[in-house]
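Shown next, in structure tokens, is the structure this report addresses.
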């Protein structure tokens with residue numbers, strides 16, 4: 001069994017609207033998946049507003065989910081979980097949150 005740990009994601013709000021969730025690239029990663037919900041904890045795997053599979057890293061060498069549609073306000077909390085496909089196997093990091 002692998003001891004691989006899904007990297008902790010970086011959450012940022014680089015624009016007045018929307019947010020980004022990303023991890024750094026490392027050898028062996030072939031997919032990054034993001035599943036999130038605003039201001040409501042995720043209690044089951046189907047309990048999400050946004051879900052996306054990212055199949056390539058960006059120019060900065062990060063695997064990034066970008067959302068430019070979400071209208072955020074101070075105090076909002078993003079609840080999310082991520083998946084990384086590492087050496088052909090999926091690994092999850094559950095029960096994450098970030099204040100926006």
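Worth pointing out:
- Residue 58 versus residue 93: modelled label distance in nm, points set 7 Å from Cα along the beta carbon direction: 1.6
- Within the listed set 12, 22, 44, the residue fluctuating most in the Gaussian network model of the chain (springs between alpha-carbon atoms under 10 angstrom) is 44.
- In the chain, the inverse of the mean reciprocal separation of distinct Cα atoms equals 13.9 Å; this is its Kirkwood hydrodynamic radius.
- Max mean-square fluctuation residue, GNM over the chain, Cα-Cα springs under 10 Å, options 63, 50, 81: 50
- Our estimate of slack between residue 44 and residue 24, defined as 0.36 nm per intervening residue step minus the Cα-Cα distance, is 4.6 nm.
- In the elastic network of the chain, a GNM with C-alpha springs shorter than 10 Å, the most mobile of 41, 27, 16 is 27.
- In percent, rounded to a whole number, the relative contact order of the chain is 33, using alpha-carbon pairs under 8 Å and six or more apart.
- Taking all pairs of distinct alpha-carbon atoms in the stretch 1-60, Kirkwood radius in angstrom: 13.6
- One decimal place: the segment residue 85-residue 73 gains 1.1 nm when fully extended, by the rule 0.36 nm per residue minus the C-alpha distance.
FYI, it's all coordinate maths here, none of it is from the lab. Keep in mind it's a predicted model, so treat the numbers as computed, not measured. As a convention, Cβ positions derive from the backbone with ideal geometry for all residues, glycine included, and neighbour counts pool all protein chains shown.
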